[in-house]
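The values are calculated or read from the model by the stated rules, or taken from the named source; none is laboratory data. Note that the structure is a prediction, hence the values are computed from the model and not measured. Positions of Cβ are generated from backbone atoms using ideal geometry, with glycine treated the same way; all protein chains shown enter the neighbour counts.
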Amino acid sequence: MAKQTIIAVAISDNNADVAIRGWDDLEDLKGVRVRPYLRGLVRGLDELDRVIGVGTDQYVIDFRLRKTLQNSDFQNPLDNNPYVILCMSSGVVAAAKTFNNTVLVKIPIIGVVSEPAKEGFDQDTSICGVSARRVQTADKCFKRFKRAVPDLTTVFLLHKKGYAPSERARDAVIATAVPGMTYTVLEVSSASDIDTAIAALPSRNPSTEKATRGIQVLPADLCLGYAREIINLSQGVKKLPAFFPVPDWVTSNQPSAFGAYGVSQRTCGVLMAERVDEVWKNGVPPQANKRWINATNDQFDYVVGTTAAHELNINIAGNIPQV
């Protein structure tokens, strides 16, 4: 039996459970997509001499994808096996916090969020984690989208309805008020909503039309969990460039997002490994100012995919990083 268990939870368009017991389990299996967070986490823990496996001094990960969250999603099936809860968005942290209020002994929660204070997580002594600063940099993300697509005059903001981080990111983008720019908010609450919203957008002919319209994906767990489908729908079907707040889906091969600006999920996973290691050694730091690690400016990536740009017939300026 492993000494420690990480219960990793993410929002998804489907429910699935993945037992990760070694490096091979980090590959996408049977249609279940292992988030880059976990690859970074395992890599980071390896650097800290914590090896994934089933030995007495090792750890395992139970990865849970959920459409909606219940208290049972945060329970450890091995009651005699100490565990931590790893949350891949603010919404999951909030649900884990609700679960913690039902147990006698609080379980350490380690999350990746944007603004711990605004989400009410900074004063909870059972929660620590990483601020990826996606909300705080949403306006910068948009400006880099515009820089990569100079002809852009209409941006469709893919926004999760009622999700506070997405709302603040939406407001920050619209507040940039670029002259001549039209901002259209696509409110979604489910994967099917995303399908419907993008399907309703007018298609573009890359051979005859400039790229005046594009989709900016706001930082919301639903949208990031559905990233590959968004890329296929927006770029493959509608021929509209899609720009993300994380660079993990910008690659040299297709399907690739057109571009992105932000801290990668893989990098966030490495940062979360430090938090996990600290919790296993000493528990959640009692000092509020030591519970959260902020992503630094040099950890942000701005990148455009050359293959995606070619397929969309968008010329990229030479001073913009490309893969």
Just wondering, is there one or more residues in segment 178-190 that are surrounded by 14 or more Cβ atoms within 10 Å (Cβ to Cβ), among the acidic types (Asp, Glu) and either modelled with pLDDT under 95 or under 23 Å from VAL113 (Cβ atoms) (or both)? yes
Tell me, please, whether a residue that is in contact (Cβ under 8 Å) with a residue 40 or more places away in the chain, acidic (Asp, Glu) and surrounded by fewer than 23 Cβ atoms within 10 Å (Cβ to Cβ) can be found in segment 76-87. no
Quick one: would you say ALA257 is of a type in the set (Gly, Ala, Ser), surrounded by fewer than 20 Cβ atoms within 10 Å (Cβ to Cβ) and not assigned by TED's automatic domain parsing to the domain that holds PRO82? no
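Conditions tested, residue by residue: (1) closer than 28 Å to PRO285 by Cβ; (2) not aliphatic (A, V, I, L, M).
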| residue | (1), (2) |
| --- | --- |
| TYR83 | yes, yes |
| LEU86 | yes, no |
| CYS128 | yes, yes |
| CYS141 | no, yes |
| VAL149 | no, no |
| ASP171 | no, yes |
Look at segment 254-298 and say how many of its residues are in a helix (DSSP H, G or I) and over 15 Å from the mean Cα position of the chain (by Cα). 15
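Take the conditions in contact with a strand residue (DSSP E or B) (Cβ under 9 Å, 6 or more places away or on another chain) and closer than 18 Å to MET88 by Cβ and apply them to GLU278. Does it pass?
On the way: in contact with a strand residue (DSSP E or B) (Cβ under 9 Å, 6 or more places away or on another chain): yes; closer than 18 Å to MET88 by Cβ: no.
So GLU278 does not fit the description; no.
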Segment 271-319 - residue that is farther than 23 Å from VAL105 by Cα and β-branched (Val, Ile, Thr) and, of those, surrounded by the fewest Cβ atoms within 10 Å (Cβ to Cβ): THR296
Would you check if there is a residue in segment 88-97 being modelled with pLDDT under 95 and among the hydroxyl-bearing types (Ser, Thr, Tyr)? no
What pairs can you find where one residue is in segment 168-194 and in the same structural domain as PHE156 (by TED's automatic domain parsing), the other is aromatic (Phe, Trp, Tyr) and part of a helix (DSSP H, G or I), and their Cβ atoms are less than 7 Å apart, with a gap of 6+ or different chains? VAL173/PHE142; THR176/PHE142
Pair list, Cβ under 6 Å, 6 or more apart: segment 117-131 residue among the acidic types (Asp, Glu), other residue surrounded by 20 or more Cβ atoms within 10 Å (Cβ to Cβ) and part of a loop (DSSP other than H, G, I, E, B): ASP122/PRO116
Output for segment 129-173, where each listed residue is among the aliphatic types (A, V, I, L, M) and farther than 30 Å from GLY318 by Cβ: VAL130, VAL135, ALA164
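Return the only residue of ASN294, ASN313, ASN282, ASN289 being among the polar types (S, T, N, Q) and modelled with pLDDT under 95. So that I can check it myself, show each step before the final result.
Working: ASN294 fails: modelled with pLDDT under 95; ASN313 fails: modelled with pLDDT under 95; ASN282 fails: modelled with pLDDT under 95.
Exactly one of ASN294, ASN313, ASN282, ASN289 is among the polar types (S, T, N, Q) and modelled with pLDDT under 95, namely ASN289.
Within segment 211-221, does at least one residue satisfy the condition of being touching a Ser or Thr at 6+ places or on another chain (Cβ under 8 Å), within 22 Å of ILE194 (Cα to Cα) and at pLDDT below 95? Walk me through it before giving the result.
Initially, segment 211-221 is screened for residues touching a Ser or Thr at 6+ places or on another chain (Cβ under 8 Å), giving 212-215, 218-221.
Subsequent filtering for residues that are within 22 Å of ILE194 (Cα to Cα) retains 212-215, 218-221.
Restricting the remaining residues to those that are at pLDDT below 95 gives 221.
Yes, some residue in segment 211-221 is touching a Ser or Thr at 6+ places or on another chain (Cβ under 8 Å), within 22 Å of ILE194 (Cα to Cα) and at pLDDT below 95.
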Subset of segment 145-167 [under 20 Å from ARG133 (Cα atoms) and in contact (Cβ under 8 Å) with a residue 60 or more places away in the chain]: PHE145, LEU157, LEU158, HIS159, LYS160, TYR163, ALA164, PRO165
